[in-house]
Amino acid sequence: MKYLLGLLFISFFGGSVMAQTISYTQLYIPTQSTYTDSIKQYEKFEYPIPLHDSIRNAISLFINDSMAHTPDYVLSNYSGINPYNPNDIDVSVRFVHESGQEIIRYGFYYQQFEYSSDTSYWVPKDSATFLVRFSTNIIGNWEAHVRVESEKYGLIYTYKPIEFTCTPDSLARGYLQKTKNNRYFEYSHTNKTFVMHGLNIPHPKVVPPNSPLFKKYSVLHFKEYAAYFEKAAKARCNFIRVALIGSYTSAPEFDVLSNFTNRQAFMQEFDSIIEFAETHGMYLEIIGDSFGPYLMGWQFNPYKHISDVSTPLDVFNSAEARMYYKHRIRYIFSRWGYSPAFSTYQIINEIDQISYNSEKLLRTTIFSWTSEMADYITNTLQYPIMLTSNYAGFDMKPYVFALDNIDVVTIHYYGNFRNHDILNLYGRVKTDWKTFNKPIIIDETGGHHSYGTYDKISPLLYKNRLFSTTFSGGAGSAIQYYWDVYLPNNAPVEQTCIWYHSYLDEFISILDSLTITNFNTLQFEPQRYPEYTNKNMYNFKEYDLEHSLIEQFALIDSSKNTIIGWTHNRSQYWANHTGDSTVWPSDDDIPTKPIAIDWKNTNNSLHTFATFTQLTPNATYKITWYSTKENQKNMEKMKNCINSFTTDENGNSEQIFPPFSDIEFDFLFIAQKNK
C-alpha cells in the first residue's frame, strides 16, 4: 500500500476565494489515503480522493439542506457544492503510462453502506468522498494525476502523482468488442469469439408508488434479486441484460434531478452485481434509460421541472435537459465503466414508445439526440464499451443503427404464434444484418401476453427460442425476458428451462476443443431448412408442411468445412402439448399435436429429413449429434445413428435423418468435412 501527499495551488475558506502564492510551509496535506500500488490487467484500480475541509463542508452544505432532495432543488440558487454536477466540482484523473499514453477518467461521489441483518436497511458507513476507478490492459508503470476544479468557487488544486504498476494476467479476456463486417463479438484481450447466451434480469420486481419499498429496499430484497444471478451463473449463462431505470433499480437518478444521494445504497448493490459478473465470467448489457419514465412514470420524472420542458417530448430537445442527462451518463461510466463485465450500454430502451397526447417523438429528434449522447460517450468519456439503442418496433430513416458509434443492433420481438417465436426472429436477424452489417442481439423476446403466461406452460418455448436463435446469424442466442417466470424461487435451477444454457455452454466448449470458434475469420453464415423464397415472413404454414416436418438452423463457415447448428421435430411444440384451446386459441401452423418420428423407419410423406445447400461439391462430411432432452445433467452425445453424409456436384447434401424418437426430438450438431 502507498500513501499520498497532496498540494493545494488555490484554496478557499468559508465560501470566500483567495488566489494566492503558496509557500512550502503552506502545503496542504490531505488525510492519508490508501491505494493498491499494483494491479493486474483489467483489474480495478480504485483510489479515494481526499478533499480539503472547505470542499467537504461545501458539499455537506448542499447535501444536508432540507430542500436538497426535492426534484427541482438544483435548478434554484442553492448553497454549497453539488458533488454530482461537474460544473460545481469536476474531479478528473489523468492516467499516464511510462510510454506517454494518457487516459482521462473522472471521479464520482461515493457513499459506502453496510447492514446488520438481512431484514435491515442499508446504513451509511464512514464519510462520503470521491472515488476514481480505472483498469487497463497496458502493462508497465503508471502515474495518476488528480485535478479538482470548482467553476462555481473558482478553485483548482492538484495532487502529487499517484504511482502504480500494471502486471500481466494470463487469464485475462478483456472487454467484448465487435469486429468490422462481422456478426459476432470477441474478447478484446484474446481475440477469441464470444458466443453470447443468457437472459434478462433487468430489475427486482416492480414496486407500486404506494408501497413503503418504493424508495427504499431492505437488504433481503436485494439478496432475492441477486439470487437470480447466482442461478444464471450456475447454468453457465455468460450474458445478462440489466436496467438502471426506476426507483427499484440502481439507477443514479430517479425523482430528484442531478442529486444521486438517495440512490447511493442502490448503486452499491450494483457494484456487487458488477463484481459478481466479473467473478463468474458474465458480461452485462446495461440499459441506461427507457420509455417508462416518460410515460407512466412522468409524474416522478425530475426533468419535467426544467424551464423549457413541459412534456416528455421536450426533454429530448432541451439543451439544459441534455446537459443534466450527460451528467448522469458520466456518473454511470465513471462508476462502472472500468469493468470489462460492462460490455454494452443501451442508451435508451424503446425510445419510439415515448409520446404525449398521441404525439410521438419525431424520428429526426430520436436520431439527433441518440447521436449526441453516443458522441459524448465515445469522444468525451472514451470507454471501450459497445453502444446501442433500441426500438419497440423498427428503426426507420434516419437510421440510428447506421451511426458509426452505434456498435450493435438490438431487436425486441414478442408474439403469440409458433412461427413468430422462431421463424420471424430468424427473418428479422437476416433483414437487419443486410441493412446494417453490424452484430445483432435479440435482447427481448417472449410470449406477447399477460406477463409470461405462455412462457410458464412449457420449457419448450424457452428451449426452442434459445437454440434456434443461437444459429440464426445474430451475436448469440435471444435474451428472453420473463426471468422470474424462468427462475421460480422454489425450483433448483437444474429443474428450470434456464438449465438448457448449460447444454449450450458445453456445446461451445466442444467447439473450443475443435478450434473452430474463430467466427471472425471463418465468417459463419446462417442457413435454415427449409429455407424460404417467400418474401412474406408471416405466412409459412403451407410452405413448411410441404417441405418438412423437420426444422433446422445452422451456421456454415465460409470455407465450407464446418457446420454447427440445431435441428428439431417442429411438431414437438409446447402449444401442441397443451390440448387447451382456451390457453392457446390460435396458431399459424398446421400440426396441432406432436407427431412422433422414428429415424430408423423413414416416412418421406412427412418429410422427416433435412438437407444443407452451398457446401463443397462431391464431399463427405462427418456429423455428430448431441441430445438436449430434458432432465439431463449434461448434454449427451448420440450413438448408433447416421454419422456422415455426402454432397452432389452442386454442393447440395443428401437427405439427412436426425436420430429422432418418441423421447428425442431435438439435437445440437457439428458437421466437418473429411480431409
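Computed values, structure above
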read-out	value
Positive minus negative residues near residue 190 (Lys, Arg vs Asp, Glu; Cβ under 12 Å)	-1
The chain: antiparallel DSSP beta bridges as a percent of all, rounded to 5	75
Accessible surface of region 269-406 [probe 1.4 Å, protein heavy atoms]: carbon and sulfur percent	51
Listed peptides 365-373, 327-335 by packing density, highest first (mean Cβ within 10 Å)	327-335, 365-373
For the chain, fraction of C-alpha pairs farther apart than 44 Å, in %	28
Value at 222 nm in deg cm²/dmol, rounded to 500, when DSSP H runs of n ≥ 4 in the chain each add -39,500 (n - 2.57)	-6000 deg cm²/dmol
Surface accessible to a 1.4 Å probe, per residue, for the residues of region 358-447, Å²	35
Cβ-placed point charges (K, R +1; D, E -1), dipole of the chain about Cα centre in debye, nearest 20	580
Cross-link pairs 593/633; 192/463; 160/304; 223/637; 456/673; 430/673 - those with Cα-Cα distance over 32 Å	160/304; 223/637; 456/673
Alpha carbon convex hull of region 181-312, projected area averaged over orientations, nm²	10.6
Mean Cβ neighbour count within 10 Å, used as a protection proxy, ranking 457-470, 146-159 highest first	457-470, 146-159
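The values are calculated or read from the model by the stated rules, or taken from the named source; none is laboratory data. The shown structure was predicted, so the numbers you read here are calculated from the model rather than taken from an experiment. We place every Cβ from the backbone using ideal geometry, glycine too, and count neighbours over all the protein chains shown. Ligands, DNA and RNA are stripped out before the accessible areas are found, and what is left, the full protein with its side chains, is counted by its heavy atoms. Shrake-Rupley method; radii C 1.70, N 1.55, O 1.52, S 1.80 Å.
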